[in-house]
Amino acid sequence: MPTQTLPFKKQLLYCAGMMGWSIMSNIIIVMLPYFYLPPNNAGLNPLIPQLLVFGAFNILSLILASGRLIDAAYDPFIASVSDSSENPKGRRFPIMKWAILPAVIFCSLVFYPLVKGESVNNAWWLTFVLGGFFVSVTTYIIPYNALLAELTHTPEEKVKLSTFQQVGFVLGMILGALCNNFADLIQTFFHVTERFHALQYTIWGLAIFSGLVMILPILFINEKDYVQSKPTHIPLLPAIKSTFRNVNFKYYLISDFTYYTALSLMSSGLLYYVTVLLGLPDSDGGKFMGTMVLLSLLFYPFINVGAKKLGKKTLVLLAFGVLSLIFVTIFFLGKLPFTPSNQMYLLVAFASFPLAALGILPNAILADIAQQDTSETGENHEGMFFAVKYLFVKLGQTLGIAIFAMLTIYGKDTGNDHGLRLNGVVGFALCVLALLFFTRFKEDSSKI
């Protein structure tokens, strides 16, 4: 029977996997709208037409939704496969290893359109490769996150490992947001004249690096040494239903979904806020993202201590409140009585606390919910809880990008930026909604 506690070095190796898939996921969130529907001052050409369907949905939002529909059906399936696996090497790592190479390839192909110009053919191609990417990365993410509940045994351990996970995630955010900065270097040192090609080379390099770090936990951690679990024998649909019988999980899920919708809305608009609302170069987007992430690291000790003294719920509610005010600031960007750079620094400074709190605490809370459910039912279906969570996370991310793409109809260029400012209104409403639902979450019932 495994009795070992995961040592510090292996905790870092485990969290390296988080950084890998975070890089690729954030490349998609940050760069895809900018690459296919760039503002007129980006030095790029639109690659898909801005056609409206039913008078409200543009092609990009429909493509993203279709890719996630495939993913939606696949999430619980891969969770069920992982939870019921009887592989002698473990339930998680043997499945995860097959996802890495396809994820790297499909992430890169997303930014290789069939036609170097505006074309419906690019829309069909993007639908296919996005679907491939979502399925591939899900095959890694769902078993990976299920391990959080299995590798830890106390609420404190969960918060600690979740904190390390979040470090990996935010490092991935930084690297994904630095695409334009890396493209600048490629153009300078390798004399690549076209911005289009410089971005493609950058994304290939980042995707390959992501794959290399994603394989580290698989190579250097023996799952069986640290995880004591048994395959679950609950069929797929009953396993999904069992997660929704947990009332606390429902409130958690709705708040998490709403938060990720708002976060994706902000991430998709970052380069537009910088270049259109503030008139700064696109390479500054990576600089501001990096500053926000580094500032968020300063809050990590406070989050760990505060979770013990104040409770996780209190910190999550506070984070939702601060985030709602940040979206109000987005509405007024470019009109505040500060220089453009200082306006952006003000935004990222206030965003650093919610980024820290909402990055660390939700996964730790869910791991507690899953572990308590296991102790009550005797069934180890942690993977299904995380599958349902990440299904809603990805639906939220997709909805956020889709809302952003739809709002661009109302203006995304200098002098015509109303659609970008509407991001602030929608994001504010989403954060308030998340806060209201999470007030119904009962912390004590999950022993958090």
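The values are calculated or read from the model by the stated rules, or taken from the named source; none is laboratory data. Because the structure is predicted, anything quoted here is derived from the model rather than measured. Glycine also receives a Cβ, built like all others from the backbone with ideal geometry; neighbour counts cover every protein chain displayed. Accessible surface areas use protein heavy atoms only, side chains included; no ligands, DNA or RNA. Shrake-Rupley method; radii C 1.70, N 1.55, O 1.52, S 1.80 Å.
So the values come out like this:
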{"item": "Filter result for residue 313 (open to solvent by 10 Å² or more (accessible area, probe 1.4 Å), among the charged types (D, E, K, R) and within 17 Å of residue 432 (Cα to Cα))", "result": "yes"}
{"item": "Residue that is at pLDDT 85 or above, open to solvent by 30 Å² or more (accessible area, probe 1.4 Å), over 25 Å from residue 290 (Cβ atoms) and in contact with a helix residue (DSSP H, G or I) (Cβ under 9 Å, 6 or more places away or on another chain), where the choices are 395, 435, 399", "result": "435"}
{"item": "For residue 243: the one exception among (1) surrounded by 17 or more Cβ atoms within 10 Å (Cβ to Cβ); (2) at pLDDT below 85; (3) out of contact with any Phe, Trp or Tyr (no Cβ under 9 Å at 6 or more places or on another chain)", "result": "(3)"}
{"item": "Subset of the stretch 316-337 that is surrounded by 14 or more Cβ atoms within 10 Å (Cβ to Cβ) and of a type in the set (Val, Ile, Thr) - its residue that is farthest from the chain's Cα centre (by Cα)", "result": "329"}
{"item": "Single residue of the stretch 39-83 satisfying the filter (open to solvent by 50 Å² or more (accessible area, probe 1.4 Å) and of a type in the set (S, T, N, Q)) that is modelled with the lowest pLDDT", "result": "50"}
{"item": "Lone qualifier among 301, 340 - being surrounded by fewer than 18 Cβ atoms within 10 Å (Cβ to Cβ) and farther than 18 Å from residue 170 by Cα", "result": "340"}
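Every residue, every condition in (1) within 20 Å of residue 270 (Cβ to Cβ); (2) polar (S, T, N, Q); (3) assigned to a loop (DSSP other than H, G, I, E, B), yes or no:
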{"position": "386", "(1), (2), (3)": "no, no, no"}
{"position": "395", "(1), (2), (3)": "no, no, no"}
{"position": "398", "(1), (2), (3)": "yes, yes, no"}
{"position": "408", "(1), (2), (3)": "yes, yes, no"}
{"position": "419", "(1), (2), (3)": "yes, no, no"}
